[in-house]
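Q: Just passing along the structure, written as structure tokens.
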Amino acid sequence: MNHSVTVTQDTYWLGANDHQTDLFESLWPLPKGVTYNCYLIDDDKTALVDTVKGPFLTQLVEKLKYHLKDRPLDYIVVNHMEPDHSGAIKLLRCVYPDLKIIGNAQTKGMLENFYGLTENIHIVKDGDTIDLGRHKLSFHLVPMVHWPETMVTYDQTTKALFSCDAFGGFGSLDGGIFDDEVDMKYYEDEVLRYFSNIVGRYSPQVQKAIQKLKGLDISIVAPSHGPIHRKNPGRIINLYDRWSRNETECGAVIVFGSMYGNTQKMAETVARAMAEEGIEKMAYHDISRSHISYVVKDIWKYKGLVLASCTYNTTLFPPMADLIMHLSNKMIKGRMLGILGSYSWSKGALTELQEFADSGKWELIQPTVEVKSAPFEEDLAKCTELGRNMAKQMKTCYVDI
């Protein structure tokens with residue numbers, strides 16, 4: 001897509017597809033890339049809503065020049081200051097010297113800290129508006145979704161919501177850019193992976209933002225990553241609402257850390273018991289091999305979680321320890337938890353899993369199981385009991401998403 005794509009009246013997608021970055025934020029795998037969406041509103045006054053990551057500046061300038069010809073770019077609206085959205089601002093100011101930057105009070109300090117920009121900045125407060133001519137933009141502050149300066153921009157003329165990171169996800173847009181042009185099953189899964197790993201910790205703030213935006217008549221949701229939602233914008237908002245309320249599906253995630261297969265055998269026994277009880281949706285992860293972002297995504301999705309870990313040098317198996325650190329940071333709640341530990345010459349794993357269970361808002365399902373060296377029939381019987389108990393309890397909490 002060399003130039004621009006029409007989103008709605010006078011509004012154009014000028015984004016970039018990134019297939020070069022392997023790890024988003026140097027953490028999260030991008031097997032199918034990521035987009036940096038930005039939007040040009042071409043009115044009596046012209047406004048660019050967000051920008052792109054620095055390496056794609058030349059591409060963005062080419063698109064602007066193609067579209068605007070010799071006309072100026074009057075405004076950049078900065079919804080969020082993370083460099084994947086703001087990285088082109090300083091150089092765009094060089095291309096368009098009279099460019100006015102629109103942001104809130106928190107944005108102003110970050111513009112100086114990141115780029116040394118202090119002049120020609122227009123500060124907006126919650127609910128403020130600007131007129132472009134035919135289009136009137138309003139600005140709505142949604143702090144901590146997921147940075148303190150985050151806001152969204154609403155076009156009162158086209159009813160388009162420019163939501164930046166909210167409602168966005170991983171995956172580049174190679175051809176189709178709208179929800180009715182792409183495989184939304186894939187993209188919704190990647191929106192959840194983005195949400196659960198990056199935004200989910202701030203779920204209470206997401207809920208406040210959704211309540212604030214309920215008064216807007218939204219016909220298009222245009223995020224800064226992933227597809228633009230024009231066919232069914234209400235669905236992505238509804239999913240965000242459910243995820244941020246920690247609503248789950250009737251399913252389970254089984255995560256094991258095993259060096260020689262004994263702990264894995266325990267986890268498999270639990271999974272089999274749940275299957276026999278009618279639990280069809282299960283995600284199964286070897287924590288040494290599954291990237292943690294996919295594990296966290298599945299845990300956010302399903303009601304049940306089973307953690308099975310061997311002991312390593314008197315402590316919890318390191319990849320499992322990393323997982324529970326991440327889960328504690330996400331402040332995940334409302335799930336059922338089953339725990340299993342194994343050891344050979346020194347205990348450790350089950351103790352740390354128990355501490356994790358006690359520290360969070362988990363419903364601990366019994367029995368907890370601890371095995372020395374390798375599980376025998378009586379140990380596997382306890383694993384079966386745990387799986388059955390979790391399945392029976394889970395089926396009383398089913399929510400269809």
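Q: Here is a list: Asp70, Asp98. Which entry is over 30 Å from the mean Cα position of the chain (by Cα), outside any helix (DSSP H, G or I), more than 23 Å from Leu216 (Cα to Cα) and in contact (Cβ under 8 Å) with a residue 12 or more places away in the chain?
A: From the options Asp70, Asp98, the qualifying one is Asp98.
Q: Under 7 Å by Cβ, and 6 or more places apart or on different chains, what pairs join a residue from segment 266-285 that is at negative phi with one that is of a type in the set (Phe, Trp, Tyr)?
A: Listed by first residue and then by second, the contacts come to Ala267/Phe256; Ala271/Tyr284; Lys281/Tyr302; Ala283/Tyr302.
Q: What number of residues within segment 77-95 are within 25 Å of the chain's Cα centre (by Cα) and outside any loop (DSSP other than H, G, I, E, B)?
A: Number satisfying all stated conditions: 6.
Q: Is it the case, given these coordinates, that Leu239 is in a loop (DSSP other than H, G, I, E, B) and of a type outside the set (Asp, Glu)?
A: No: the conditions fail for Leu239.
Q: Give Val253, Val306, Val270 a once-over and let me know the one that is under 19 Å from Asn389 (Cβ atoms), touching a Ser or Thr at 6+ places or on another chain (Cβ under 9 Å) and buried (at least 16 other Cβ atoms within 10 Å of the Cβ).
A: Val270
Q: Here is a further query. Quick one: how many residues across segment 1-30 are over 21 Å from Asp179 (Cβ atoms) and touching a helix residue (DSSP H, G or I) at 6+ places or on another chain (Cβ under 6 Å)?
A: The total comes to 2.
Q: What residue, among those in segment 55-73 that are crowded, with 20+ Cβ neighbours inside 10 Å and not aliphatic (A, V, I, L, M), is nearest to His19 (Cα to Cα)?
A: It comes out as Phe56.
Q: Mind listing whichever residues of segment 148-158 are under 18 Å from Leu111 (Cα atoms), assigned to a loop (DSSP other than H, G, I, E, B) and among the β-branched types (Val, Ile, Thr)?
A: Thr150
Q: Now, a different point. Can you tell me which residues in segment 318-349 are over 21 Å from Ser290 (Cα atoms) and without any contact (Cβ under 8 Å) to a residue 40 or more places away in the chain?
A: Across segment 318-349, the qualifying residues are Tyr343, Ser344, Trp345, Ser346, Lys347, Gly348.
Q: Among residues belonging to segment 187-214 that are in contact with a strand residue (DSSP E or B) (Cβ under 7 Å, 6 or more places away or on another chain) and more than 24 Å from Lys333 (Cα to Cα), point out the one that is surrounded by the most Cβ atoms within 10 Å (Cβ to Cβ).
A: That would be Tyr187.
Q: Here are Thr6, Thr51, Thr35, Thr46: which of them is touching a Cys at 6+ places or on another chain (Cβ under 8 Å), β-branched (Val, Ile, Thr) and at pLDDT 95 or above?
A: Thr51
Q: Kindly indicate which of Leu161, Leu117 is surrounded by 14 or more Cβ atoms within 10 Å (Cβ to Cβ) and part of a loop (DSSP other than H, G, I, E, B).
A: Leu117
Q: Could I ask something else about it? In this structure, does Tyr187 turn out to be within 22 Å of the chain's Cα centre (by Cα), over 16 Å from Asn232 (Cα atoms) and not in a loop (DSSP other than H, G, I, E, B)?
A: no
Q: Go through segment 164-184 and give me each residue that's outside any loop (DSSP other than H, G, I, E, B), buried (at least 22 other Cβ atoms within 10 Å of the Cβ) and not small (Gly, Ala, Ser).
A: Result: Cys164, single match.
Q: Mind checking which residues of segment 128-150 are within 24 Å of Thr46 (Cβ to Cβ), surrounded by fewer than 20 Cβ atoms within 10 Å (Cβ to Cβ) and in contact with a helix residue (DSSP H, G or I) (Cβ under 9 Å, 6 or more places away or on another chain)?
A: Scanning segment 128-150 gives no hits.
The values are calculated or read from the model by the stated rules, or taken from the named source; none is laboratory data. Model, not experiment: these values are computed from the prediction. Note: ideal-geometry Cβ built from the backbone for every residue, glycine included; neighbour counts use all protein chains shown.
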